[in-house]
1. Hey, among E240, E268, which residue is over 18 Å from the mean Cα position of the chain (by Cα), modelled with pLDDT under 90 and outside any helix (DSSP H, G or I)?
2. Cβ-Cβ distance below 6 Å, separation of 6 or more or different chains: which pairs start in the range 200-222 with a residue that is within 16 Å of R272 (Cα to Cα) and end on one that is assigned to a helix (DSSP H, G or I) and at pLDDT below 95?
3. Is the range 180-200 home to any residue that is loosely packed, with under 12 Cβ neighbours inside 10 Å, within 32 Å of the chain's Cα centre (by Cα) and on the phi > 0 side of the Ramachandran plot?
4. Quick one: in the range 277-288, of everything that is more than 16 Å from L166 (Cβ to Cβ) and part of a helix (DSSP H, G or I), which residue is modelled with the lowest pLDDT?
5. Hey, can you tell me all the residues within the range 5-59 that are in a strand (DSSP E or B), loosely packed, with under 12 Cβ neighbours inside 10 Å and of a type in the set (G, A, S)?
6. I'd like the residue in the range 105-155 that is open to solvent by 70 Å² or more (accessible area, probe 1.4 Å) and within 12 Å of the chain's Cα centre (by Cα) and, out of all such residues, is farthest from L210 (Cα to Cα).
7. Across the range 232-279, what is the number of residues that are surrounded by 20 or more Cβ atoms within 10 Å (Cβ to Cβ) and small (G, A, S)?
8. Pairs please, first residue from the range 29-42 and more than 13 Å from V16 (Cα to Cα), second anywhere and in a helix (DSSP H, G or I) and aromatic (F, W, Y), Cβ atoms under 8 Å, 6+ apart in sequence or on different chains.
Amino acid sequence: MRMDLGFEYYKVFYYVSKYGSLTRAANVLMTSQPAVTRTIHNLENELGCRLFTRSKKGMELTPEGRLFYGYISAACQQIFKGENELSNMISLENGAICISATETALHCCLFRAVEEFNKAYPEVRFKLLNNSTIDSIQALRAGKIDMAVVSSAPLQAEPPLKIKKLQSYHDILIGGQRFRYLEGKKVTLAQLKDLPWISLTSGSITRTFLDHHFTEHGLRFDPDIELATTDMILPAVRHELGIGFIPAEFAAEDIRQGNIFQIATEEELPERDILLVYDTEYPQSIASKTFQKFLCRS
């Protein structure tokens with residue numbers, strides 16, 4: 001058996017094993033799927049055994065492949081760690097960070113953080129993608145982004161993904177001039193059930209959160225208007241189309257100006273968290289690592 005294979009062979013094997021997908025590995029390595037396929041075939045020929053089998057789930061390791069991955073994974077992680085330590089000696093010039101974030105995370109946390117970070121590191125470029133929590137985590141697992149900043153009910157993520165809480169936020173119920181008679185009162189959800197409600201479409205994490213909250217209090221949540229994005233709820237309330245829950249940060253300026261008001265309810269919504277999620281096995285640039293630390297300190 002020849003032992004003069006280059007590191008790139010093992011690197012390709014590592015990412016195909018990690019993601020169980022030729023396409024995902026190609027995305028991370030910034031190459032083509034055929035190139036990854038050729039490399040795997042060449043590696044198998046040189047080693048004299050099959051490392052993968054194809055299935056509906058993707059690329060699955062053979063027993064020989066699993067044994068080999070145990071050694072290659074440890075070696076690659078040490079090499080990546082060494083590269084990252086070396087990158088700490090390099091300045092934050094011309095860095096780029098790709099983040100997928102939910103609307104709430106953008107408005108309540110990320111926009112402000114990026115603005116402040118760029119004051120200190122003006123050469124770092126950001127690519128911000130607005131996606132749901134589920135889509136953001138999928139993009140992270142696929143190696144398409146450096147990190148995800150999401151807002152949701154409690155989120156579970158298995159290693160190698162790691163979650164860090166950045167801050168908490170809470171939703172408030174708002175109404176326009178049409179419902180001013182409720183201002184200054186504390187009412188129950190049951191007293192409001194016949195009013196026109198505005199919310200996100202069914203299936204979203206926020207909508208599921210609200211459905212569960214109403215169910216806990218013996219009510220069914222059946223909004224009259226369903227919108228695709230959170231930032232559309234505020235103008236809908238301004239136009240007197242109904243009442244709706246929205247993160248407090250979204251509504252602060254309109255409440256201050258008197259365009260809308262907060263409706264106090266007996267049954268307050270539980271707080272939710274804005275979370276940073278990243279892949280501990282994904283090699284991070286110095287810009288990305290520095291921004292992660294900045295987020296956690298902010």
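The values are calculated or read from the model by the stated rules, or taken from the named source; none is laboratory data. Keep in mind that what you see is a predicted model, and the values were worked out from it rather than measured. Cβ atoms come from the backbone with ideal geometry, glycine included; neighbour counts cover every protein chain shown. For accessibility, only protein heavy atoms count, side chains too; no ligands or nucleic acids. Shrake-Rupley method; radii C 1.70, N 1.55, O 1.52, S 1.80 Å.
1. Unique residue meeting the criteria: E268.
2. The qualifying pairs are I205/T133.
3. The answer is no, given that none of the residues of the range 180-200 is loosely packed, with under 12 Cβ neighbours inside 10 Å, within 32 Å of the chain's Cα centre (by Cα) and on the phi > 0 side of the Ramachandran plot.
4. I286
5. Correct list: S55 only.
6. Top of the filtered list is K144.
7. The number of residues fulfilling the criteria is 3.
8. N42/Y9
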